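The values are calculated or read from the model by the stated rules, or taken from the named source; none is laboratory data. None of these values were measured; they are calculated from a predicted model. Here the Cβ is made from the backbone with ideal geometry for all residues, glycine too, and neighbour counts use every protein chain on show. Ligands, DNA and RNA are excluded from the accessible area calculation, which covers all protein heavy atoms including side chains. Shrake-Rupley method; radii C 1.70, N 1.55, O 1.52, S 1.80 Å.
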Amino acid sequence: MTKILDMVPSRPETEFPEALNMRRHFILHVGPTNSGKTFQALERLKGARHGVYLGPLRLLALEVYEKMKDYGTPCTMLTGQECIEEANARVTASTVEMLDIDQVYDIAVIDEAQMTTDSDRGHSWTRAILGIRAQEIHVCMSPNAKDAVIHLIGLCNDEFEIRNYKRKTYLKCEKKPFVLPDDVRNGDALIVFSKKSVLDIAGRLEENGIASSVIYGSLPPEIRRRQTRLFADGKTKVVVSTDAIGMGLNLPVRRIVFIQADKYDGTRRRPLEISEIKQIAGRAGRFGIYGTGYVNALGQERLDYVRERFDAPERPIKKVSLGFPQVLLNMEESLDVILKLWHSIEPSEPFEKVSIEETLFLYDQAYEKRDKIEGFGDKHVLYKMITCPIDIKDTYVVEQWLEYCQCYNADVSLPHPSLEFCGSGGIMQYETYYKELDLYYQFSHRMGKVIDTQWLEDERERTEGIIMQYLSKG
(Lines give C-alpha, C1' and ligand atoms only; values in the text may rest on other atoms or scores of the structure.)
Protein backbone atom coordinates (compact mmCIF):
# COMPACT_ATOMS: atom_id res chain seq x y z
CA MET A 1 0.00 0.00 0.00
CA THR A 2 2.81 2.41 0.88
CA LYS A 3 4.54 1.66 -2.42
CA ILE A 4 1.43 2.44 -4.48
CA LEU A 5 0.89 5.63 -2.48
CA ASP A 6 4.42 6.66 -3.41
CA MET A 7 3.83 5.89 -7.11
CA VAL A 8 0.44 7.60 -7.53
CA PRO A 9 1.15 11.14 -8.77
CA SER A 10 -0.11 13.63 -6.19
CA ARG A 11 -0.46 16.14 -9.04
CA PRO A 12 -2.20 14.58 -12.09
CA GLU A 13 -0.62 17.08 -14.47
CA THR A 14 2.83 15.59 -13.73
CA GLU A 15 1.78 12.50 -15.70
CA PHE A 16 2.35 14.63 -18.81
CA PRO A 17 5.84 16.16 -18.44
CA GLU A 18 6.18 17.00 -22.15
CA ALA A 19 3.01 19.12 -22.09
CA LEU A 20 4.02 20.59 -18.73
CA ASN A 21 7.31 21.78 -20.19
CA MET A 22 5.56 23.58 -23.04
CA ARG A 23 4.14 27.08 -22.79
CA ARG A 24 0.69 26.38 -24.21
CA HIS A 25 -1.92 29.01 -25.03
CA PHE A 26 -5.59 28.12 -24.47
CA ILE A 27 -8.54 29.92 -26.08
CA LEU A 28 -11.73 29.11 -24.18
CA HIS A 29 -14.92 29.36 -26.26
CA VAL A 30 -17.65 29.64 -23.64
CA GLY A 31 -21.33 29.74 -24.46
CA PRO A 32 -24.64 27.86 -24.70
CA THR A 33 -25.67 25.60 -27.57
CA ASN A 34 -26.32 27.28 -30.92
CA SER A 35 -23.90 30.11 -30.16
CA GLY A 36 -21.26 29.43 -32.83
CA LYS A 37 -18.38 28.63 -30.47
CA THR A 38 -17.31 25.40 -32.22
CA PHE A 39 -17.62 27.10 -35.62
CA GLN A 40 -15.14 29.78 -34.55
CA ALA A 41 -12.67 27.16 -33.27
CA LEU A 42 -12.90 25.22 -36.54
CA GLU A 43 -12.26 28.41 -38.51
CA ARG A 44 -8.85 28.50 -36.83
CA LEU A 45 -8.26 24.74 -37.16
CA LYS A 46 -8.71 24.75 -40.94
CA GLY A 47 -5.44 26.69 -41.30
CA ALA A 48 -3.40 24.31 -39.12
CA ARG A 49 -0.19 22.76 -40.39
CA HIS A 50 -0.73 19.76 -38.07
CA GLY A 51 -3.99 20.04 -36.17
CA VAL A 52 -6.48 17.85 -34.34
CA TYR A 53 -10.19 18.01 -33.45
CA LEU A 54 -11.33 15.99 -30.41
CA GLY A 55 -15.06 15.47 -29.81
CA PRO A 56 -17.50 13.16 -28.01
CA LEU A 57 -19.09 11.36 -30.97
CA ARG A 58 -18.01 9.57 -34.12
CA LEU A 59 -20.74 11.54 -35.94
CA LEU A 60 -19.19 14.83 -34.82
CA ALA A 61 -15.72 13.69 -35.92
CA LEU A 62 -17.25 12.79 -39.29
CA GLU A 63 -18.97 16.18 -39.49
CA VAL A 64 -15.66 17.98 -38.85
CA TYR A 65 -13.89 15.68 -41.33
CA GLU A 66 -16.41 16.68 -44.02
CA LYS A 67 -16.18 20.38 -43.10
CA MET A 68 -12.39 20.32 -43.39
CA LYS A 69 -12.68 18.73 -46.81
CA ASP A 70 -15.17 21.44 -47.83
CA TYR A 71 -12.62 24.02 -46.68
CA GLY A 72 -9.98 22.33 -48.84
CA THR A 73 -8.02 21.17 -45.77
CA PRO A 74 -6.78 17.55 -46.17
CA CYS A 75 -8.17 15.62 -43.19
CA THR A 76 -8.09 12.13 -41.69
CA MET A 77 -10.91 10.79 -39.50
CA LEU A 78 -9.92 8.53 -36.61
CA THR A 79 -12.35 6.93 -34.16
CA GLY A 80 -12.54 3.71 -32.20
CA GLN A 81 -14.59 2.22 -35.04
CA GLU A 82 -12.66 3.20 -38.12
CA CYS A 83 -9.98 5.28 -39.76
CA ILE A 84 -10.58 7.20 -43.01
CA GLU A 85 -7.06 8.16 -43.96
CA GLU A 86 -6.22 10.89 -46.44
CA ALA A 87 -2.80 11.41 -47.98
CA ASN A 88 -1.02 14.56 -46.79
CA ALA A 89 -3.69 15.22 -44.14
CA ARG A 90 -3.02 18.35 -42.11
CA VAL A 91 -5.85 17.77 -39.61
CA THR A 92 -7.16 14.70 -37.78
CA ALA A 93 -10.84 14.69 -36.76
CA SER A 94 -11.14 12.28 -33.87
CA THR A 95 -13.08 11.10 -30.86
CA VAL A 96 -11.40 12.32 -27.69
CA GLU A 97 -10.39 8.84 -26.52
CA MET A 98 -8.20 8.43 -29.62
CA LEU A 99 -5.89 11.35 -28.79
CA ASP A 100 -2.26 10.44 -29.46
CA ILE A 101 -0.53 12.05 -26.50
CA ASP A 102 2.89 11.70 -28.19
CA GLN A 103 1.99 13.83 -31.23
CA VAL A 104 2.89 17.52 -31.32
CA TYR A 105 0.28 19.82 -32.91
CA ASP A 106 0.25 23.50 -33.74
CA ILE A 107 -3.54 23.85 -33.27
CA ALA A 108 -5.98 21.62 -31.34
CA VAL A 109 -9.74 21.85 -30.72
CA ILE A 110 -11.28 20.10 -27.70
CA ASP A 111 -15.07 20.13 -28.06
CA GLU A 112 -17.86 19.72 -25.46
CA ALA A 113 -15.41 20.11 -22.55
CA GLN A 114 -18.23 20.13 -19.98
CA MET A 115 -17.93 16.35 -20.43
CA THR A 116 -14.91 16.42 -18.06
CA THR A 117 -17.37 15.68 -15.27
CA ASP A 118 -18.79 12.53 -16.92
CA SER A 119 -18.16 9.52 -14.67
CA ASP A 120 -17.50 7.12 -17.57
CA ARG A 121 -15.71 9.17 -20.23
CA GLY A 122 -14.78 12.46 -18.57
CA HIS A 123 -11.21 11.36 -17.84
CA SER A 124 -10.48 11.51 -21.59
CA TRP A 125 -11.25 15.26 -21.64
CA THR A 126 -9.15 15.76 -18.49
CA ARG A 127 -6.28 13.87 -20.13
CA ALA A 128 -6.63 15.96 -23.30
CA ILE A 129 -6.55 19.30 -21.46
CA LEU A 130 -3.65 18.32 -19.19
CA GLY A 131 -1.65 16.32 -21.70
CA ILE A 132 -2.16 17.49 -25.29
CA ARG A 133 1.04 18.80 -26.83
CA ALA A 134 -0.12 21.80 -28.85
CA GLN A 135 0.90 25.44 -28.93
CA GLU A 136 -2.65 26.73 -29.46
CA ILE A 137 -5.58 24.89 -27.89
CA HIS A 138 -9.23 25.85 -28.43
CA VAL A 139 -11.60 24.46 -25.80
CA CYS A 140 -15.37 24.70 -26.48
CA MET A 141 -17.69 24.35 -23.51
CA SER A 142 -20.91 25.37 -21.81
CA PRO A 143 -20.53 28.16 -19.19
CA ASN A 144 -20.74 25.79 -16.20
CA ALA A 145 -17.42 24.16 -17.18
CA LYS A 146 -15.38 27.38 -17.35
CA ASP A 147 -14.03 27.38 -13.77
CA ALA A 148 -13.10 23.69 -13.87
CA VAL A 149 -11.22 24.05 -17.17
CA ILE A 150 -9.42 27.17 -15.94
CA HIS A 151 -8.35 25.21 -12.85
CA LEU A 152 -6.85 22.45 -15.03
CA ILE A 153 -5.00 25.04 -17.14
CA GLY A 154 -3.73 26.69 -13.95
CA LEU A 155 -2.23 23.41 -12.74
CA CYS A 156 -0.06 23.42 -15.87
CA ASN A 157 0.89 27.12 -15.54
CA ASP A 158 -0.35 27.74 -19.07
CA GLU A 159 -1.92 30.98 -20.29
CA PHE A 160 -5.50 31.38 -21.50
CA GLU A 161 -7.99 33.85 -22.90
CA ILE A 162 -11.78 33.65 -22.75
CA ARG A 163 -14.21 34.32 -25.59
CA ASN A 164 -17.84 34.47 -24.50
CA TYR A 165 -20.69 33.69 -26.87
CA LYS A 166 -24.41 34.35 -26.78
CA ARG A 167 -27.07 32.19 -28.33
CA LYS A 168 -27.80 33.17 -31.94
CA THR A 169 -31.51 32.27 -31.92
CA TYR A 170 -34.20 32.98 -29.34
CA LEU A 171 -35.33 30.01 -27.22
CA LYS A 172 -38.91 29.95 -25.94
CA CYS A 173 -40.72 27.53 -23.64
CA GLU A 174 -44.29 26.98 -24.82
CA LYS A 175 -47.21 27.45 -22.40
CA LYS A 176 -49.53 24.66 -23.46
CA PRO A 177 -48.29 21.10 -22.81
CA PHE A 178 -47.61 18.82 -25.76
CA VAL A 179 -50.13 16.10 -26.72
CA LEU A 180 -48.91 13.01 -28.58
CA PRO A 181 -49.47 12.51 -31.49
CA ASP A 182 -51.87 15.42 -32.15
CA ASP A 183 -49.32 18.20 -31.62
CA VAL A 184 -46.48 16.76 -33.72
CA ARG A 185 -45.12 19.33 -36.18
CA ASN A 186 -42.37 19.40 -38.81
CA GLY A 187 -38.97 19.94 -37.20
CA ASP A 188 -39.90 18.38 -33.84
CA ALA A 189 -37.38 16.33 -31.86
CA LEU A 190 -39.10 14.08 -29.31
CA ILE A 191 -36.74 13.21 -26.43
CA VAL A 192 -36.84 9.99 -24.41
CA PHE A 193 -34.11 8.14 -22.52
CA SER A 194 -34.07 4.51 -23.60
CA LYS A 195 -33.97 2.56 -26.85
CA LYS A 196 -37.28 0.88 -26.00
CA SER A 197 -38.95 4.27 -25.57
CA VAL A 198 -37.49 5.54 -28.86
CA LEU A 199 -38.90 2.57 -30.78
CA ASP A 200 -42.24 2.71 -28.93
CA ILE A 201 -42.75 6.40 -29.76
CA ALA A 202 -41.59 5.94 -33.35
CA GLY A 203 -44.06 3.04 -33.67
CA ARG A 204 -46.93 5.16 -32.34
CA LEU A 205 -46.08 7.92 -34.81
CA GLU A 206 -45.97 5.43 -37.68
CA GLU A 207 -49.41 4.12 -36.74
CA ASN A 208 -50.61 7.71 -37.17
CA GLY A 209 -48.95 8.09 -40.56
CA ILE A 210 -46.02 10.18 -39.29
CA ALA A 211 -42.58 9.19 -40.61
CA SER A 212 -39.78 9.68 -38.08
CA SER A 213 -36.03 9.28 -37.78
CA VAL A 214 -34.66 7.53 -34.69
CA ILE A 215 -31.41 8.07 -32.77
CA TYR A 216 -30.28 5.96 -29.81
CA GLY A 217 -27.03 4.73 -28.32
CA SER A 218 -26.79 1.14 -29.62
CA LEU A 219 -27.65 2.20 -33.16
CA PRO A 220 -24.55 1.90 -35.41
CA PRO A 221 -23.01 5.33 -36.11
CA GLU A 222 -23.59 5.09 -39.86
CA ILE A 223 -27.27 4.32 -39.27
CA ARG A 224 -27.52 7.30 -36.93
CA ARG A 225 -26.00 9.38 -39.68
CA ARG A 226 -28.50 8.09 -42.26
CA GLN A 227 -31.37 8.71 -39.86
CA THR A 228 -30.23 12.29 -39.21
CA ARG A 229 -29.85 12.85 -42.98
CA LEU A 230 -33.45 11.70 -43.58
CA PHE A 231 -34.58 14.31 -41.05
CA ALA A 232 -32.22 17.02 -42.35
CA ASP A 233 -33.41 16.43 -45.94
CA GLY A 234 -37.07 16.62 -44.92
CA LYS A 235 -37.80 12.97 -45.76
CA THR A 236 -38.94 12.46 -42.17
CA LYS A 237 -40.70 15.28 -40.34
CA VAL A 238 -39.79 14.23 -36.79
CA VAL A 239 -36.77 12.79 -34.98
CA VAL A 240 -37.22 10.59 -31.91
CA SER A 241 -34.01 10.56 -29.91
CA THR A 242 -32.28 9.85 -26.63
CA ASP A 243 -30.04 12.52 -25.08
CA ALA A 244 -27.40 11.67 -27.73
CA ILE A 245 -28.95 14.63 -29.56
CA GLY A 246 -27.56 16.95 -26.86
CA MET A 247 -23.91 16.16 -27.68
CA GLY A 248 -23.42 18.66 -30.44
CA LEU A 249 -25.31 16.94 -33.26
CA ASN A 250 -26.26 19.66 -35.74
CA LEU A 251 -29.84 18.98 -36.80
CA PRO A 252 -32.49 21.36 -38.19
CA VAL A 253 -34.65 21.07 -35.06
CA ARG A 254 -37.40 23.66 -34.59
CA ARG A 255 -38.77 22.34 -31.31
CA ILE A 256 -37.47 20.04 -28.57
CA VAL A 257 -40.21 18.06 -26.81
CA PHE A 258 -39.37 16.18 -23.61
CA ILE A 259 -41.56 13.08 -23.71
CA GLN A 260 -39.76 11.98 -20.55
CA ALA A 261 -38.18 14.19 -17.87
CA ASP A 262 -36.30 11.52 -15.95
CA LYS A 263 -33.64 8.98 -16.91
CA TYR A 264 -31.78 5.93 -15.63
CA ASP A 265 -28.15 7.00 -15.19
CA GLY A 266 -26.64 3.54 -14.67
CA THR A 267 -27.37 3.35 -10.96
CA ARG A 268 -30.81 4.91 -10.43
CA ARG A 269 -33.74 6.59 -12.12
CA ARG A 270 -33.60 10.32 -11.44
CA PRO A 271 -35.09 13.60 -12.71
CA LEU A 272 -33.12 15.46 -15.37
CA GLU A 273 -30.62 18.00 -14.09
CA ILE A 274 -30.60 21.66 -15.14
CA SER A 275 -27.48 21.18 -17.27
CA GLU A 276 -29.06 18.22 -19.12
CA ILE A 277 -32.27 20.12 -19.84
CA LYS A 278 -30.34 23.17 -21.10
CA GLN A 279 -27.99 21.10 -23.26
CA ILE A 280 -30.86 19.22 -24.95
CA ALA A 281 -33.33 22.13 -25.12
CA GLY A 282 -30.61 24.29 -26.67
CA ARG A 283 -30.69 22.14 -29.81
CA ALA A 284 -33.98 23.79 -30.80
CA GLY A 285 -33.89 26.69 -33.24
CA ARG A 286 -30.99 25.86 -35.56
CA PHE A 287 -29.27 29.12 -36.58
CA GLY A 288 -29.78 29.98 -40.24
CA ILE A 289 -32.93 27.84 -40.47
CA TYR A 290 -35.19 28.98 -37.61
CA GLY A 291 -35.24 32.38 -35.94
CA THR A 292 -36.73 30.94 -32.74
CA GLY A 293 -36.40 27.58 -31.05
CA TYR A 294 -39.23 26.13 -28.98
CA VAL A 295 -39.27 23.80 -25.97
CA ASN A 296 -42.19 21.74 -24.68
CA ALA A 297 -42.94 18.56 -22.73
CA LEU A 298 -45.57 15.83 -22.64
CA GLY A 299 -48.19 16.74 -20.02
CA GLN A 300 -48.47 19.67 -17.63
CA GLU A 301 -46.34 18.17 -14.85
CA ARG A 302 -43.34 17.55 -17.12
CA LEU A 303 -43.73 20.95 -18.79
CA ASP A 304 -43.72 22.70 -15.38
CA TYR A 305 -40.58 20.78 -14.41
CA VAL A 306 -38.78 21.67 -17.66
CA ARG A 307 -39.96 25.32 -17.60
CA GLU A 308 -38.56 25.86 -14.10
CA ARG A 309 -35.13 24.64 -15.20
CA PHE A 310 -34.59 25.39 -18.87
CA ASP A 311 -33.77 29.05 -18.19
CA ALA A 312 -32.25 28.58 -14.72
CA PRO A 313 -28.52 29.22 -14.11
CA GLU A 314 -26.38 26.08 -14.23
CA ARG A 315 -24.35 25.12 -11.21
CA PRO A 316 -20.61 25.27 -11.97
CA ILE A 317 -18.95 21.88 -12.45
CA LYS A 318 -17.31 20.88 -9.17
CA LYS A 319 -15.87 17.49 -10.12
CA VAL A 320 -13.42 16.57 -12.87
CA SER A 321 -13.00 12.92 -13.83
CA LEU A 322 -9.52 11.44 -13.47
CA GLY A 323 -8.26 8.33 -15.28
CA PHE A 324 -5.94 5.53 -14.19
CA PRO A 325 -2.20 6.41 -14.50
CA GLN A 326 -0.59 3.65 -16.54
CA VAL A 327 2.77 4.13 -14.80
CA LEU A 328 1.27 1.94 -12.05
CA LEU A 329 1.32 -1.05 -14.42
CA ASN A 330 5.02 -1.40 -13.58
CA MET A 331 4.19 -2.48 -10.02
CA GLU A 332 4.56 -6.08 -8.92
CA GLU A 333 1.01 -6.61 -7.61
CA SER A 334 -1.75 -8.10 -9.77
CA LEU A 335 -3.68 -5.69 -11.96
CA ASP A 336 -6.95 -5.94 -10.03
CA VAL A 337 -5.15 -5.15 -6.76
CA ILE A 338 -3.43 -2.13 -8.35
CA LEU A 339 -6.73 -0.84 -9.75
CA LYS A 340 -8.55 -1.21 -6.43
CA LEU A 341 -5.74 0.37 -4.40
CA TRP A 342 -5.46 3.29 -6.83
CA HIS A 343 -9.22 3.82 -6.71
CA SER A 344 -9.25 3.78 -2.90
CA ILE A 345 -6.86 6.75 -2.61
CA GLU A 346 -8.75 10.03 -2.36
CA PRO A 347 -7.54 12.49 -5.04
CA SER A 348 -7.11 16.23 -4.52
CA GLU A 349 -9.94 18.61 -5.42
CA PRO A 350 -11.62 18.84 -7.93
CA PHE A 351 -10.65 15.39 -9.18
CA GLU A 352 -12.89 12.36 -8.93
CA LYS A 353 -11.59 9.00 -10.10
CA VAL A 354 -13.20 7.28 -13.05
CA SER A 355 -15.43 4.30 -12.34
CA ILE A 356 -13.51 1.01 -12.65
CA GLU A 357 -16.49 -1.35 -12.30
CA GLU A 358 -16.60 -2.37 -15.97
CA THR A 359 -12.81 -2.78 -16.09
CA LEU A 360 -12.88 -5.03 -13.02
CA PHE A 361 -15.79 -7.00 -14.49
CA LEU A 362 -13.72 -7.75 -17.62
CA TYR A 363 -10.69 -8.55 -15.44
CA ASP A 364 -12.77 -11.16 -13.58
CA GLN A 365 -13.98 -12.63 -16.89
CA ALA A 366 -10.38 -12.90 -18.12
CA TYR A 367 -9.15 -14.26 -14.76
CA GLU A 368 -11.45 -17.27 -15.07
CA LYS A 369 -9.76 -18.10 -18.40
CA ARG A 370 -6.26 -16.97 -17.37
CA ASP A 371 -4.68 -20.36 -18.16
CA LYS A 372 -5.83 -19.98 -21.78
CA ILE A 373 -4.81 -16.32 -22.18
CA GLU A 374 -1.23 -15.86 -23.23
CA GLY A 375 -0.17 -12.51 -21.90
CA PHE A 376 -2.41 -12.56 -18.83
CA GLY A 377 0.72 -12.14 -16.70
CA ASP A 378 1.78 -9.04 -18.67
CA LYS A 379 -0.12 -6.18 -17.08
CA HIS A 380 0.41 -3.86 -20.06
CA VAL A 381 -1.15 -6.44 -22.42
CA LEU A 382 -3.93 -7.29 -19.97
CA TYR A 383 -4.75 -3.62 -19.41
CA LYS A 384 -5.20 -3.13 -23.17
CA MET A 385 -7.64 -6.05 -23.17
CA ILE A 386 -9.78 -5.09 -20.18
CA THR A 387 -10.06 -1.41 -21.17
CA CYS A 388 -11.35 -2.26 -24.65
CA PRO A 389 -14.65 -0.31 -24.83
CA ILE A 390 -17.46 -2.84 -25.17
CA ASP A 391 -21.08 -3.18 -24.05
CA ILE A 392 -20.67 -5.46 -21.02
CA LYS A 393 -24.46 -5.81 -20.77
CA ASP A 394 -24.48 -7.70 -24.08
CA THR A 395 -23.39 -11.26 -23.21
CA TYR A 396 -22.71 -12.14 -26.86
CA VAL A 397 -20.24 -9.26 -27.16
CA VAL A 398 -18.54 -10.23 -23.89
CA GLU A 399 -18.20 -13.83 -25.14
CA GLN A 400 -16.64 -12.58 -28.39
CA TRP A 401 -14.23 -10.39 -26.41
CA LEU A 402 -13.21 -13.35 -24.23
CA GLU A 403 -12.58 -15.48 -27.33
CA TYR A 404 -10.30 -12.76 -28.72
CA CYS A 405 -8.38 -12.62 -25.41
CA GLN A 406 -7.67 -16.34 -25.77
CA CYS A 407 -6.83 -16.48 -29.48
CA TYR A 408 -5.34 -13.07 -30.32
CA ASN A 409 -1.79 -14.43 -30.66
CA ALA A 410 -2.72 -17.51 -32.73
CA ASP A 411 -2.57 -15.71 -36.08
CA VAL A 412 -1.76 -12.34 -37.67
CA SER A 413 -5.51 -11.60 -37.77
CA LEU A 414 -8.44 -12.19 -35.45
CA PRO A 415 -11.25 -14.55 -36.56
CA HIS A 416 -14.28 -12.80 -38.02
CA PRO A 417 -17.38 -12.55 -35.81
CA SER A 418 -20.33 -14.68 -36.88
CA LEU A 419 -23.91 -13.45 -37.07
CA GLU A 420 -25.33 -16.84 -36.04
CA PHE A 421 -23.84 -16.44 -32.54
CA CYS A 422 -25.38 -13.02 -31.91
CA GLY A 423 -28.83 -13.82 -30.56
CA SER A 424 -32.20 -15.18 -31.56
CA GLY A 425 -33.15 -12.74 -34.32
CA GLY A 426 -34.72 -9.39 -35.00
CA ILE A 427 -33.08 -5.98 -34.98
CA MET A 428 -31.24 -6.71 -31.71
CA GLN A 429 -29.33 -9.57 -33.34
CA TYR A 430 -28.00 -7.23 -36.01
CA GLU A 431 -27.19 -4.50 -33.49
CA THR A 432 -25.21 -7.05 -31.47
CA TYR A 433 -23.45 -8.24 -34.62
CA TYR A 434 -22.52 -4.63 -35.42
CA LYS A 435 -21.03 -4.26 -31.92
CA GLU A 436 -18.99 -7.40 -32.57
CA LEU A 437 -17.74 -5.90 -35.84
CA ASP A 438 -16.66 -2.83 -33.84
CA LEU A 439 -14.99 -5.13 -31.29
CA TYR A 440 -13.13 -6.92 -34.12
CA TYR A 441 -11.74 -3.54 -35.23
CA GLN A 442 -10.97 -2.23 -31.74
CA PHE A 443 -9.29 -5.39 -30.44
CA SER A 444 -7.28 -5.78 -33.65
CA HIS A 445 -6.16 -2.14 -33.46
CA ARG A 446 -5.14 -2.46 -29.80
CA MET A 447 -3.23 -5.71 -30.21
CA GLY A 448 -1.52 -4.84 -33.50
CA LYS A 449 -3.43 -7.37 -35.62
CA VAL A 450 -3.97 -7.14 -39.36
CA ILE A 451 -7.53 -5.91 -40.07
CA ASP A 452 -9.52 -7.32 -42.97
CA THR A 453 -10.76 -3.87 -43.94
CA GLN A 454 -12.66 -4.82 -47.10
CA TRP A 455 -14.57 -7.62 -45.36
CA LEU A 456 -15.30 -5.30 -42.40
CA GLU A 457 -16.55 -2.54 -44.67
CA ASP A 458 -18.78 -4.95 -46.60
CA GLU A 459 -20.21 -6.53 -43.42
CA ARG A 460 -20.91 -3.17 -41.82
CA GLU A 461 -22.67 -1.95 -44.95
CA ARG A 462 -24.74 -5.14 -45.24
CA THR A 463 -25.68 -5.02 -41.54
CA GLU A 464 -26.53 -1.32 -41.74
CA GLY A 465 -28.83 -2.05 -44.67
CA ILE A 466 -30.70 -4.73 -42.71
CA ILE A 467 -31.07 -2.49 -39.64
CA MET A 468 -32.40 0.29 -41.87
CA GLN A 469 -34.96 -2.15 -43.27
CA TYR A 470 -36.12 -3.02 -39.74
CA LEU A 471 -36.45 0.66 -38.85
CA SER A 472 -38.30 1.55 -42.05
CA LYS A 473 -40.73 -1.32 -41.44
CA GLY A 474 -41.36 -0.07 -37.89
| request: Hey, can you find the accessible area per residue of the chain for me, probe 1.4 Å, expressed in square angstrom? | output: 46
| Whichever lysines have a C-alpha closer than 25 Å to that of Lys46, once near sequence neighbours (fewer than 8 apart) are set aside | Lys37, Lys67, Lys69, Lys146, Lys166, Lys168
| remark: Percent of all alpha-carbon pairs of the stretch 266-402 at distances over 27 Å, whole number, is 48
| note | Computed for the chain: size of charge dipole around the Cα centre, +1 on C-beta of each Lys and Arg, -1 on C-beta of each Asp and Glu, debye to nearest 20, value 2060
| request: Determine the relative contact order of the stretch 256-302: mean sequence separation of Cα pairs under 8 Å and six or more apart, normalised by residue count, in whole percent. | output: 48
| task | First compute the accessible area of the chain with a 1.4 Å probe, then give the percent of it belonging to carbon and sulfur atoms. | result | 48
| query | Given the C-alpha centroids of the stretch 197-216 and the stretch 408-425, what is the distance between them in whole angstrom? | reply | 33
| query | For the chain, what is the mean residue ellipticity at 222 nm derived from helices alone (per DSSP H run of n ≥ 4: -39500 (n - 2.57); sum divided by total residues; nearest 500 deg cm²/dmol)? | reply | -11500 deg cm²/dmol
| Under 26 Å Cα-Cα from Lys473, which lysines qualify once same-chain neighbours fewer than 8 residues away are excluded? | Lys195, Lys196, Lys235, Lys237, Lys435
| task | Compute the separation of the alpha-carbon centres of the stretch 369-405 and the stretch 58-137 and state it in Å as a whole number. | result | 27
| field | Extension gain (nm, one decimal) between Arg370 and Glu346, 0.36 nm per residue minus Cα-Cα | value | 5.5 nm
| request: Please state, rounded to one decimal and in Å, the Kirkwood hydrodynamic radius that the chain gives when every pair of distinct Cα atoms enters the mean of 1/r. | output: 23.6
| request: May I ask what percent, to the nearest 5, of DSSP beta bridges between residues of the chain are antiparallel? | output: 10
| task | Give me D for the stretch 173-303 in µm² s⁻¹, whole number, from Stokes-Einstein with Rh from the Kirkwood sum over alpha-carbon pairs, 37 °C and 0.692 mPa s. | result | 225
| Where in the stretch 194-279 are there GluC sites (Glu not before Pro) that are in a DSSP coil and have at most 16 other Cβ atoms within 10 angstrom of their Cβ? | Glu273
| field | Most to least packed among 56-65, 142-151, 456-465, 340-349 [average Cβ atoms within 10 Å] | value | 56-65, 142-151, 456-465, 340-349
| task | Among DSSP beta bridges whose residues both lie in the stretch 190-295, state the antiparallel percentage, nearest 5. | result | 25
| said: Less than 28 Å apart at the alpha-carbon level, and either on another chain or at least 8 residues along: which lysines does that give for Lys340? | reply: Lys3, Lys318, Lys319, Lys353, Lys369, Lys372, Lys379, Lys384, Lys393
